[in-house]
Amino acid sequence: QSDKDGDWMSAEKLVTSRRESMAAELAELESLTRKLDALRARCHGMGDALHIPLLQAHQTLHSALSTLEPGGRLAKPVRASLPALEKLQKTRTVRFIGAPFCEGQNLDGADLGPTSLREAGLKDAAALLGWGWEDEGDMDFGALFHSLGYDVQEPHHHPVQLYREWAAEGGMQENFSTWVRRRIGIDAGSLRRTVSHNREMDGMAKAGGDVDISDRTSNGNGKSDAERYGVVNVSLIGAGVGLVHDAVVRAIKQNRFALTIGGDHSIAAGSICAMHRIYPDLGVIWIDAHADANTPRTSPSAHYHGMPAAHLLGWFEDPLPGFEWFTAGCLDENRLAYIGLRDIDPEEGRMLRASNVHVWTMRDVDKHGIAKVIEMALSAIDPNCRRPLHLSLDIDGVDPHFAPGTGTAARGGLSYREIHYICEELAETNRLVGMDLVEINPGLDAPPRDSKMHGDNPNLKACSPTVQLGVELCLSALGKRIM
């Protein structure tokens with residue numbers, strides 16, 4: 001017994017010694033991280049020669065820190081997502097999350113994305129695939145803006161009602177914008193809600209009437225949000241995207257497939273952060289013409305819809321007001337795969353090359369073919385074929401010949417069959433747990449086609465081509481097959 005006691009004591013001493021050693025390593029790593037953060041702050045704005053190496057070092061240190069916990073022991077493995085995934089597969093119910101949020105950019109009309117897909121008949125078409133359907137309506141961002149002290153001059157329900165009236169007209173020989181101009185004498189783009197702040201402490205000039213917040217949001221010290229934080233409308237965006245986050249969390253906690261329809265791509269920060277809370281080993285396929293991986297330091301426009309990927313990856317140097325709910329860096333670089341990029345800002349591209357993010361541009365699609373590209377992408381983010389997957393699909397990833405109704409169209413995108421193939425392959429994995437579909441802008445879309453073609457879904461109502469494609473892509477992601 002004494003020998004056994006001695007062995008036990010020796011083992012305990014060894015464990016204690018290892019813990020103390022690892023605690024010392026942790027303290028050293030934390031100290032180095034603080035010093036590196038201070039150096040990055042001092043080098044802010046000094047160019048890529050300093051910024052890129054410092055960013056790489058910062059990511060390496062934070063990766064090392066993430067493997068340790070304060071007690072000096074190895075962190076517990078990330079809990080598997082399998083139980084939640086199995087429950088979703090049994091429930092087989094879609095939660096349609098209408099997120100008409102457009103404050104991440106200055107283009108109008110994408111807030112009609114959720115309405116346009118509903119009116120086209122997505123619910124009934126999904127039911128034919130065996131999916132249950134839940135839809136709580138569009139999130140009320142107007143009420144949120146009011147609670148933050150903003151006046152909403154054009155409620156969201158006004159353009160929604162006009163869209164429904166247009167869709168109800170059987171012929172629909174003209175696009176929505178032309179119809180609105182003829183009907184009420186203004187462009188559809190002018191239907192966007194106008195928001196002005198009513199807090200006197202912000203010191204905003206009200207003499208000019210309503211103020212578009214994308215131009216003049218002030219933080220109270222005379223500087224705009226873009227000047228101080230590098231993001232236009234930052235607090236408003238943080239609150240709005242937080243509302244999306246909460247809706248997605250509720251959906252996936254109830255074992256629903258979270259189908260989040262925007263709106264602009266800002267909402268992906270909320271949906272993917274929410275997904276990660278329930279599916280911690282989540283892999284993400286991001287379809288886009290643009291990487292949306294700028295930071296407040298690198299963004300040419302200071303519009304947040306060009307930043308959500310960088311925010312999720314933890315590339316922002318400082319936290320943003322309004323995003324207190326957000327977990328920066330929740331998405332590991334090697335869990336993100338882009339497909340279809342073709343319009344990338346120079347510094348954004350340099351940061352991507354310096355990272356572990358997987359990128360397949362349109363040139364890669366041309367070179368390898370879409371089947372090989374999606375195979376490589378899935379293998380990169382999910383090498384053992386067991387992780388839950390999320391699809392974040394910006395419709396401008398598709399060539400504008402097939403999807404003209406979007407605000408940031410770029411030539412040379414994915415073809416009709418290429419984008420369908422991606423959605424079909426993700427459905428075939430049986431591990432797709434959520435999807436974003438963003439930037440569909442009915443106000444910029446072409447008129448509905450005069451006649452249906454053989455192979456068109458007979459269950460869909462007449463709608464403009466980009467809206468029709470959006471509905472079809474959702475159905476492919478939900479498992480619709482050619483045969």
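The values are calculated or read from the model by the stated rules, or taken from the named source; none is laboratory data. Only a predicted model underlies this, so the values are computations on that prediction, with no experimental measurement involved. No Cβ is skipped: glycine too gets one built from the backbone with ideal geometry, and neighbour counts run over all protein chains shown. SASA here: full protein model, heavy atoms, side chains in, ligands and nucleic acids out. Shrake-Rupley method; radii C 1.70, N 1.55, O 1.52, S 1.80 Å.
Of all residues in the range 299-312, none are modelled with pLDDT of 95 or more, of a type outside the set (A, V, I, L, M) and farther than 21 Å from V438 by Cα. Going by the structure shown, is K461 touching a Gly at 6+ places or on another chain (Cβ under 8 Å), farther than 28 Å from E333 by Cβ, modelled with pLDDT under 95 and part of a loop (DSSP other than H, G, I, E, B)? So K461 passes the test.
Of the helices (runs of 4 or more DSSP H) entirely within the range 174-291, those holding at least 2 residues that are surrounded by 16 or more Cβ atoms within 10 Å (Cβ to Cβ), more than 18 Å from the chain's Cα centre (by Cα) and modelled with pLDDT under 95 occupy 176-184, 213-216, 225-229. Restricting the range 455-483 to residues that are under 26 Å from the mean Cα position of the chain (by Cα) and among the polar types (S, T, N, Q), the residue that is farthest from D436 (Cα to Cα) is S464.
Filter the range 418-449 down to the residues that are farther than 22 Å from H390 by Cα, in contact (Cβ under 8 Å) with a residue 24 or more places away in the chain and in a loop (DSSP other than H, G, I, E, B), then identify the one that is nearest to the chain's Cα centre (by Cα). Checked the range 418-449; the qualifying residue nearest to the chain's Cα centre (by Cα) is N441.
The residues listed here are N334, N356; of these, the one that is in a loop (DSSP other than H, G, I, E, B), within 26 Å of L85 (Cβ to Cβ) and either open to solvent by 40 Å² or more (accessible area, probe 1.4 Å) or without any contact (Cβ under 8 Å) to a residue 60 or more places away in the chain (or both) is N356. Among the residues of the range 343-353, those that are of a type in the set (D, E, K, R) and either open to solvent by 60 Å² or more (accessible area, probe 1.4 Å) or part of a strand (DSSP E or B) (or both) comprise D343, R350, R353.
Among the residues of the range 359-378, those that are aliphatic (A, V, I, L, M) and open to solvent by 40 Å² or more (accessible area, probe 1.4 Å) comprise V359, A371, M376.
A count restricted to the range 385-417 and to residues that are part of a helix (DSSP H, G or I) and either open to solvent by 10 Å² or more (accessible area, probe 1.4 Å) or free of Cβ contacts under 8 Å to residues at least 12 places away in the same chain (or both) stands at 2. Could you tell me whether L88 is more than 28 Å from T406 (Cβ to Cβ), in a helix (DSSP H, G or I) and within 23 Å of the chain's Cα centre (by Cα)? Taking the combined requirement at face value, the residue satisfies it. Looking across the range 99-110, the residues that are modelled with pLDDT under 90 and either open to solvent by 10 Å² or more (accessible area, probe 1.4 Å) or part of a loop (DSSP other than H, G, I, E, B) (or both) come down to C102, E103, G104, Q105, N106, L107, D108, G109. Evaluating K87 against the criteria (1) open to solvent by 30 Å² or more (accessible area, probe 1.4 Å); (2) farther than 23 Å from K253 by Cα leaves one unmet condition, (2). Being at pLDDT below 95 and either under 30 Å from A84 (Cβ atoms) or open to solvent by 10 Å² or more (accessible area, probe 1.4 Å) (or both): is that true of R431 here? Criteria not met by R431. In the range 464-483, the residue that is nearest to V284 (Cα to Cα) out of those that are hydrophobic (A, V, I, L, M, F, W, C) and in a loop (DSSP other than H, G, I, E, B) is L478.
Looking at this structure, is E472 surrounded by fewer than 24 Cβ atoms within 10 Å (Cβ to Cβ) and touching a Leu at 6+ places or on another chain (Cβ under 9 Å)? Judged against the criteria, E472 is a match.
State whether the residues of the range 122-130 include one that is within 23 Å of A268 (Cβ to Cβ) and touching a residue at least 40 places away in the same chain (Cβ under 8 Å). Among the residues of the range 122-130, at least one is within 23 Å of A268 (Cβ to Cβ) and touching a residue at least 40 places away in the same chain (Cβ under 8 Å), which makes the answer yes. Scanning the range 303-319 for residues being of a type in the set (G, A, S) and within 18 Å of C102 (Cβ to Cβ) gives a total of 1. Restricting attention to the range 449-469, the residues that are closer than 23 Å to D111 by Cβ, open to solvent by 10 Å² or more (accessible area, probe 1.4 Å) and not hydrophobic (A, V, I, L, M, F, W, C) add up to 3.
When restricted to residues that are farther than 25 Å from M307 by Cβ and without any contact (Cβ under 8 Å) to a residue 40 or more places away in the chain, the range 359-372 contains 5.
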